[in-house]
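Everything on this sheet refers to the single structure shown next.
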Amino acid sequence: MSGATDAFVRFENVQKSYDGETLVVKDLNVDIPEGEFLTMLGPSGSGKTTSLMMLAGFEPATHGEIYLDGESINNVPPNKRGIGMVFQNYALFPHMTVAENLAFPLKVRKTGAAEIEEKVQRALDMVELGSFGGRRPAQLSGGQQQRVAVARALVFDPRLILMDEPLGALDKQLREQMQYEIKHIHENLGVTVVYVTHDQAEALTMSDRIAVFEDGIIQQLSTPDALYERPENSFVAQFIGENNKLSGTVREVKGKTCTVELDGGGTVKALAVNVEGVGSRTTLSLRPERVEIAPAKGAVQNQLTGEIRELIYLGDHIRTRMAVSGNEDFIVKVPNSAGNVPLAEGAKVKVGWEAGDCRALDPLAV
Ligand code: ADP
């Protein structure tokens, strides 16, 4: 395939090995359109940072090609790629003022003094630190320092911004606030962002699309809602959001639906998303909010009897932990409005769900 492409960023058959033996990035193929906010999400060690470092130019790809705006950049040094970067340890120069920190990447690019002043002020205004230019980093809070780091990445109008766990060092409240700020900056500027995090809530909040990494492979690349609603395999179903698992054997496949005999008793219908065929093992994935408790007879396609183990009152819903077909950790979120449901620990009740809300996926080891 040639470099001629509509994608703004393209990874084409990219592999990476540090030791010449193990591939930590196995075969990366991703197209990122201009203006997109794309997040690489996955557990520690799954190859996210390595992928970002290859895009930045700090690590060479062992195999494959990376394109930026239609041009191969494999042999372009990092400082010639026009990419802004923000990392967890924001690495501001402590002896310089905030304004001098921001001016630095512009001076390196030989920008004129008047233009530097204008761009620095614009970048500071963008992160709502317009009057902080004269301070030193030590005179700022952690959140403000991180905003300066974001401003410094924006100041030279980069074509692309890369962020690697930029909010990892901040406390929860500040982290959530900064997620919205970065998201809004992205929306206002329309710049392309590639973001790395292991925090799924952060990824769901900020991204246009999310690439879920596991062991050097992208398991699924989708919009946040598709990842949650339509996981394509068990890893993604488990990694994103809360997930009820039921293991069983496929007994029939008819069109998009299959019938599964559960190991713990009972037979249900499910969407045949990722199953091998009749006789194969599968793990069903079912979101807690899609389960109905004490459904009317015939109201939903699948009904089983479960036993309530624990009730936790959470205001808007009651988190109900049940034993259902051998799964002792089956979670149902019962809306607080479901007034007349007989909820009591130890009670046996029917639970039910639609086949369309239950996805038959690759078998997970129990
Ligand atoms: P993530 O960002 O998903 O946590 P990384 O890309 O940092 O994953 O790491 C992927 C794998 O590559 C890990 O097994 C890690 O130990 C290894 N690795 C990362 N950087 C280096 C390096 N500079 N030298 C050798 N191995 C590395």
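Per residue, the convex hull spanned by the Cα atoms of the chain measures out at 175 cubic angstrom.
Each Lys and Arg Cβ is given +1 and each Asp and Glu Cβ -1; about its Cα centre, the chain then shows a dipole of about 360 debye.
Note on Asp215 and Gln177: with the Förster distance fixed at 25 Å, the Cβ-Cβ geometry gives a FRET efficiency of about 0.15.
As a size descriptor, the averaged projected area of the C-alpha convex hull of region 242-361 was calculated at 6.9 nm². Our coupling estimate for region 291-307, obtained by passing each phi through the Karplus curve with A = 6.51, B = -1.76, C = 1.60 and θ = phi - 60°, is 9, 9, 9, 6, x, 5, 4, x, 5, 10, 5, 10, 9, 9, 9, x, 10 Hz, Gly and Pro reported as x. Taking θ as phi - 60° and the Karplus parameters 6.51, -1.76 and 1.60, the scalar couplings of region 246-252 work out to 9, 9, x, 10, 6, 9, 7 Hz in sequence order, x denoting glycine and proline.
Can you give the local net charge around Glu307? Use residues other than it whose beta-carbon is closer than 13 angstrom to its beta-carbon, Lys and Arg +1, Asp and Glu -1. With Lys, Arg at +1 and Asp, Glu at -1, the net is 0.
Put simply, the amide H of Val25, placed in the peptide plane, has neighbours under 5 Å in Lys16, leaving out anything fewer than 5 places away on its chain. Overall, the ratio between the Cα radius of gyration of region 122-189 and 2.2 N^0.38 Å, rounded to two decimals, is 1.06. Accessible surface for region 4-234, divided over its residues, is 45 Å² per residue with a 1.4 Å probe. Placing unit charges on each Cβ (+1 for Lys and Arg, -1 for Asp and Glu) gives the chain a dipole about its Cα centre, and among Leu167, Val148, Gly315 the Cα reaching farthest toward its positive end belongs to Gly315.
Shape class of region 171-224 from the Cα gyration tensor (axes a ≥ b ≥ c, square roots of the eigenvalues): oblate, since a/c reaches 1.5 or more and a/b does not exceed b/c.
Normalising by residue count, region 304-356 has a Cα convex hull of 87 Å³ per residue.
Computed from phi, the 3J(HN,Hα) profile of region 270-277 under the Karplus parametrisation 6.51, -1.76, 1.60 (θ = phi - 60°) reads 8, 6, 7, 8, 8, 10, 7, x Hz, with x in place of Gly and Pro. Placing unit charges on each Cβ (+1 for Lys and Arg, -1 for Asp and Glu) gives the chain a dipole about its Cα centre, and among Leu102, Leu204, Thr305 the Cα reaching farthest toward its positive end belongs to Thr305. Dividing the summed helix terms, -39500 (n - 2.57) for each DSSP H run of n ≥ 4, by the number of residues in the chain produces a 222 nm estimate of -7000 deg cm²/dmol to the nearest 500.
On the basis of the beta-carbon distance and an R0 of 35 Å, Ala226 and Glu252 show a calculated FRET efficiency of 0.80.
Pairs from the table (Lys254/Lys350; Lys48/Lys172; Lys26/Lys254; Lys119/Lys183; Lys48/Lys256; Lys16/Lys80) lying more than 28 angstrom apart at Cα are Lys26/Lys254; Lys48/Lys256.
Axis angle, to the nearest 10 degrees, between helix 142-154 and the longest C-alpha principal axis of the chain: 70 degrees.
The values are calculated or read from the model by the stated rules, or taken from the named source; none is laboratory data. Fair warning: this is a prediction, and the values are worked out from it, not measured in the lab. Every residue, glycine as well, gets a Cβ built from its backbone with ideal geometry; the counts of neighbours run over all protein chains shown. Just the protein is used for accessible areas: all its heavy atoms, side chains included, with ligands, DNA and RNA removed. Shrake-Rupley method; radii C 1.70, N 1.55, O 1.52, S 1.80 Å.
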